[in-house]
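Please read the structure below before turning to the comments.
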Amino acid sequence: MVGCAGSAPGPASAASCYLVEHDGFRLLLDLGNGAFGALQAVTDPSTIDALFLTHLHADHCLDVAPFVVWSRYSGRSSGRPLPLFAPVAAERRLALAYDGDGAPLTDVFDFVPVGPGRLEIGPFEAALVRTAHPVECYAIRLTAGGRTLVYTADTGPSERIVELARGADVLLAEAAHPPGPDQPPGLHLTGRDAGEHAVAAGVGRLLLTHIPAWVDEIGQLFAASAVFSETELVHQAATYEI
């Protein structure tokens, strides 16, 4: 768990970023604001083999900019462009985030546009579905070595997420909305929503993430655990065997 704060970096964590490893291959899921610093406490950035961005909101992608600075000027980069899987138009959006003139970042990244469907990322078999979110956003199912992780990215309640997570060993689910009436649709899950998705999908374990600093994380944990007992609240720098 490189970063797990929701919507913005918090006092105890950077924004969304998760390091997934199998057979020596290191895949980053998202690289939100504050996460590049936290990543360096976990590993040398030169050991990252691929980056997958679920969507282009700042709390999931903005630290691509310091990654570019490190790659160009630290003298520690391999010099080979890093495969970067992201929704269509990420190349232009991230170039503008780095510099107002939008100069290409293709010396640092090999951009691979993604959409719903299947692909391979290193040793991982990946499946993507569009989430219930205001911008193009993809949940991802990763399978390797007979084990499966599903990451919801940002989403409101979604049957597509349930189907993607069917039978997964671990569901890493956002829980950004506090309970209450009049929640905007198609934006985020409550803790209870995350628990209900875990039950419906029949997953082995639920990990709650992406809880904003202004939301009661223990309340979200209790709400999810009330419907799905195998629930844990993640924290920055925690590690999990799948």
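The values are calculated or read from the model by the stated rules, or taken from the named source; none is laboratory data. Being a predicted model, the structure only gives us computed values, none of them experimental. When we count neighbours, we look across all protein chains shown, and the Cβ atoms used for this are built from the backbone with ideal geometry, even at glycine.
Given the range 1-92, what strands (runs of 3 or more DSSP E) lie entirely inside it while holding 1 or more residues that are acidic (D, E), more than 13 Å from the chain's Cα centre (by Cα) and farther than 15 Å from V108 by Cα? Before you say what the answer is, go through the steps one by one.
Working: elements: 18-22, 25-29, 50-52, 82-87.
In the range 1-92, the matching strands (runs of 3 or more DSSP E) lie at 18-22.
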(message) Exactly one condition in (1) surrounded by fewer than 18 Cβ atoms within 10 Å (Cβ to Cβ); (2) out of contact with any helix residue (DSSP H, G or I) (no Cβ under 7 Å at 6 or more places or on another chain) is false for L82; which is it?
(response) (1)
(request) Looking only at the range 230-242, count how many residues are over 19 Å from V42 (Cβ atoms) and part of a loop (DSSP other than H, G, I, E, B). (result) 1
(message) I'd like the full set of residues that are of a type in the set (A, V, I, L, M) and part of a loop (DSSP other than H, G, I, E, B), limited to the range 94-139.
(response) A103, L105, V108, A132, V135
(request) Would you check which residues across the range 169-197 are among the acidic types (D, E), in a loop (DSSP other than H, G, I, E, B) and either crowded, with 23+ Cβ neighbours inside 10 Å or at pLDDT 95 or above (or both) and list them? (result) D169
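Residue by residue, here is whether (1) of a type outside the set (F, W, Y); (2) closer than 25 Å to P123 by Cβ; (3) surrounded by fewer than 24 Cβ atoms within 10 Å (Cβ to Cβ) holds:
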{"position": "A14", "(1), (2), (3)": "yes, no, no"}
{"position": "E21", "(1), (2), (3)": "yes, yes, yes"}
{"position": "G37", "(1), (2), (3)": "yes, no, yes"}
{"position": "S46", "(1), (2), (3)": "yes, yes, yes"}
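Taking the condition closer than 22 Å to L28 by Cβ and crowded, with 24+ Cβ neighbours inside 10 Å, does A144 pass? Outline the logic, then answer.
Details: closer than 22 Å to L28 by Cβ: yes; crowded, with 24+ Cβ neighbours inside 10 Å: no.
Judged against the criteria, A144 is not a match.
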(message) Just the residues that are surrounded by fewer than 18 Cβ atoms within 10 Å (Cβ to Cβ) and not in a loop (DSSP other than H, G, I, E, B), please, taken from the range 156-168.
(response) E159, R160, E163
(request) Would you mind finding the one in A224, A200, A213 that is over 23 Å from A35 (Cβ atoms) and touching a Gly at 6+ places or on another chain (Cβ under 7 Å)? (result) A224
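Which residue out of V215, V227, V203 is buried (at least 22 other Cβ atoms within 10 Å of the Cβ), assigned to a loop (DSSP other than H, G, I, E, B) and either touching a residue at least 60 places away in the same chain (Cβ under 8 Å) or not polar (S, T, N, Q) (or both)?
Numbers: V215 fails: buried (at least 22 other Cβ atoms within 10 Å of the Cβ); V227 fails: buried (at least 22 other Cβ atoms within 10 Å of the Cβ).
Unique residue meeting the criteria: V203.
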(message) Show the residue pairs meeting these rules: Cβ distance below 8 Å; 6+ apart or different chains; first residue within the range 155-166 and within 14 Å of H188 (Cα to Cα) and of a type in the set (A, V, I, L, M); second residue in a helix (DSSP H, G or I) and modelled with pLDDT of 95 or more.
(response) I161/H197; I161/A201
